1. By the scheme Lys and Arg +1, Asp and Glu -1, what is the net charge of all other residues having a beta-carbon under 14 Å from that of B:Ala393?
2. Using the Karplus curve 6.51 cos²θ - 1.76 cosθ + 1.60 with θ = phi - 60°, what ³J(HN,Hα) values do you get for each residue of region B:340-351, in whole Hz, with x for Gly and Pro?
3. Please calculate how many Å² of accessible area chain B carries per residue, with a 1.4 Å probe and no DNA, RNA or ligand atoms counted.
4. With a 1.4 Å probe, how much accessible area is buried between chains C and B, both sides summed, in Å² to the nearest hundred?
5. Please report the spacing between the Cα centers of region B:170-185 and region C:67-93 in Å, no decimals.
6. If the cut-off is a Cα-Cα distance under 24 Å, which lysines reach A:Lys207, setting aside same-chain residues fewer than 8 apart in sequence?
7. Beta carbons within 10 angstrom, averaged per residue: use that to sort the peptides A:145-158, A:59-72, B:381-394, highest first.
8. To the nearest 10 degrees, how steeply does helix A:175-185 sit against the main Cα axis of chain A, on a 0 to 90 scale?
Amino acid sequence: MRGPLTARLRDLATPPVLIAFGGVLWMIALLAMVLVDANPEWEAHQSEYRKRLAAAADDAASVRHAGRFKVQVKQIDLPALERVDRCVSCHVGIEDPAFADAPQPIATHPGDLLTIHTPERFGCTICHGGNGRATSREDAHGLPEPSLNPMLRGEFLQGSCGKCHGDDEFVAGSRLEVGRRLFDHYGCRTCHRLYQSGNTAGPDLTKVGSKKFDAFFWGNDYRGTDRSVVYWLESHFKNPSAFYPSTMLNFKMTDENARALVVYMLSLTDERIPDRLQPSRGPTKP
Amino acid sequence: MSAHSLMESLRCSAIYRSIVRRGPADNDIDRSLAITSNVFLHLHPVKIRRHALRFTYTFGLGGITTLLFLILCVTGVLLMFYYVPSPERAYRSMQDLRYVVPYGTFLRNLHHWAAHAMIVTAALHMARVFYTGAFKGTRQFNWVVGVILFVLTLGFSFTGYLLPWDQLAFWAITVGTNMAAAVPLLGGMIRYALLGGNIVGANALLRFYVLHCAVLPALVFVFLAVHFWRVRKDGGISGPPLPAEVPEEGPPERLFATTPGRSYALVALPREAPAAVEESRKSPEDTVLTYPHLLVREAAAAMVVIGGLLLVALFLNAHLEEAANALKTPDPAKAPWYFLGLQEVVSWSTPFIGGVLVPGLMVLALLAIPYVRPNSVGVGVWFHPARRRAVIAFTIGLVLNVLLIVVGMFFRGHGWSLVWPWSN
Amino acid sequence: MDENRETPALGRRALIARIGWGAFAASIAGSLAAGVRYMFPKALDEPPSKFKAPPPDTYGVGSVYAVEENKSFILRDAGGVFAMSAVCTHLGCTVKHMDAKGEFHCPCHGSVFDKDGTNIAGPAPRPLPRLDANVARDGRLEVDTQVEAAKDYRVPVDAGRG
């Protein structure tokens, strides 16, 4: 019945051997746990940042500044926005102009947006999206997509401006502003409701920017890998029946216009922005 | 001074002797005292039947279930240091455990997988007891206690997976309390009492938290105490009737070196059997001393389970869905695997039939098992031929349950429609 | 260890026993240590130790400005502006500013500090510490409650505007 190997295993599996076996597994697991915890992703980036700080320090003040830098989880506590953004644990250099040429993730934040939107008031995720509490790149950036909290990328980032800024504040010619105008141009309210106006033939768009990818109907035949909200909206605008037979009119939008409209859709969220963080409000905000 | 003689002098010190009021366990009297004079070990009898030691009789399932419960207590208490039972902060606690609490992910994984494992081992323990007829005779009532413990375990699981306040939690609490509302006459009241109101919100979370961390543990400790007590009082671990003749078996295997003076080590004890052990083996009960024979096996099972569980916790992260969103029901909204059979039944029937009648009858049927045929036929033997019909009936029930769970796990897709597992 | 007492045939078993016990002891010790480490999270949802107060030239000479949520006072005297902790150096209660006398009284055990924060009565062992304060880029006063400043530290106030 029993082969020699199983018989030998059986002889080997005496209680003391099993105790030793379990104990060794326990130790291995503990060791692995400690090693994983001791080597977080952000540590390497902060070490690099500190190294560069020290190398560039040329006077007493900057030497002291570099010496005081501590490698630790860094975060922006934003009780008003009900969030904690730990993005700065890796993106340590965003406010330091000396890191303009440094590689990501420690580079300076491009442009001058941070001088008006100071990180200590607004944090990161209110504009960029993603998961602010996460301390690993994959989780923070919402990778792999599709994910519940993906970051907004490239031109689509403009959608976040509309979370606080009213229509009258949109920069003329920006994607957001073009999208806003296209919304009127195509007469979207003929079928869709937005805030208090419009009709109910199509879905209400008041909170469309807060919807996750799984809230959209992808049809039964779509086999593609891109299941992001942005992709759904853009495909749908270019061809309303891209995923399933839709009753929406086909406006034969150009890529450019479809994307501008996506940007505008992304600005329509239900995120609660406290009044004191709001600029003056535009006419269409309730 | 060598480590060995250091230990020796420690063992001779007055303080050590005041703690352990017995000699080195190199004779049967001290080995008996090791069990009876220790508050934890005295759950065990001093001697047990050799039959009870056989791994293929019990598979150590009851003990492993107990061990998992203790692991859950320890990890659960540690998790409580960070968990805040409020809708605003519960989900954040989960994220903080994952991202900024040292070993937080690991600990949560450990709690999660130990809970899943406990359901499996408790169910298997129940199956083992059924198939070996161990619920018969004096042990009728202890089966009832066991069924109660199993229901409490499921209660632990249900209240536990609500606490992260993710989508699974929110919709499980919604469905679960609506099932409770299907109880005739009292349903509405039960739902109101469970939720602490009419909607799934802060009160409901707090109530389930208190149930999970205070009420259920207290109940389980009480019923566990009764369960263990009754194992002893009902005649120890079940086994086949004693043979008329004393079996001729060799001495218990030697586990460790017979080095003099090393007997302090628990696992070093089963040295060459001294005369007293030989004598006890020749008694009609065919017993061996619990210390060390049973204890060393328990220690082995415990260490293997702990080691395995830690490895699982290292590689498999506990599920955490999107934060609770009252406006959006996930699609498909699936319960954890152990409730999928029930979910399957509910999807075919009214909330009363699927949510109250079927589970109620299942528990009643389990409770009734020892009283259906109160005889002692086939005790202590796996699948005793005299109990063929009972074995077949129980197996059908078990297989049906597993089948429903498999259907729920792999054959249900969007909108709870039937799909092939490979079409997703 | 006197290995010679072991019979060669049983050497392997003894070794396994030793590995078993060693691994068990190390695992328990390691798990306990991990449990202690677990109690010290790498980040907290606590307010940051730095806070911003109105610019230095907004305080009148001799005034005491209480920043209750940060348990600090901002004071101005002839030499300039400085921030002072409102946490009693005895056992951590928040001291109260007694306007009439200009003193700070602790309600818990009766410590008294004068207008510079020096302990003049009661059980407090040390003066109220001055806190590190600087003028931030936006002109406001930035105070760090975690960093103690020298006893006579002051932020000078621009004479033209003060």
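The values are calculated or read from the model by the stated rules, or taken from the named source; none is laboratory data. Remember, predicted model here, so these are calculated numbers, not experimental data. We place every Cβ from the backbone using ideal geometry, glycine too, and count neighbours over all the protein chains shown. The accessibility values were calculated without ligands, DNA or RNA, using every heavy atom of the protein model including side chains. Shrake-Rupley method; radii C 1.70, N 1.55, O 1.52, S 1.80 Å.
1. Details: positive: B:Arg373, B:Arg387, B:Arg388, B:Arg389; negative: none.
Around B:Ala393, the surrounding residues sum to +4.
2. Whole-Hz 3J(HN,Hα) from phi for region B:340-351: 5, x, 5, 4, 4, 5, 4, 6, 9, 9, 6, x.
3. Numbers: 20990 Å² over 424 residues.
Dividing the accessible area of chain B by its residue count gives 49 Å².
4. On the way: alone 10990 and 23150 Å², together 32070 Å².
Heavy-atom accessible area buried at this interface is about 2100 Å².
5. With region B:170-185 and region C:67-93 each reduced to a Cα centre, they are spaced 55 Å.
6. Hits, sequence-local ones excluded: A:Lys163, A:Lys238, A:Lys285, B:Lys328.
7. Details: A:145-158: 17.7, A:59-72: 11.7, B:381-394: 14.6.
Order by mean packing, descending: A:145-158, B:381-394, A:59-72.
8. That works out to roughly 40 degrees.
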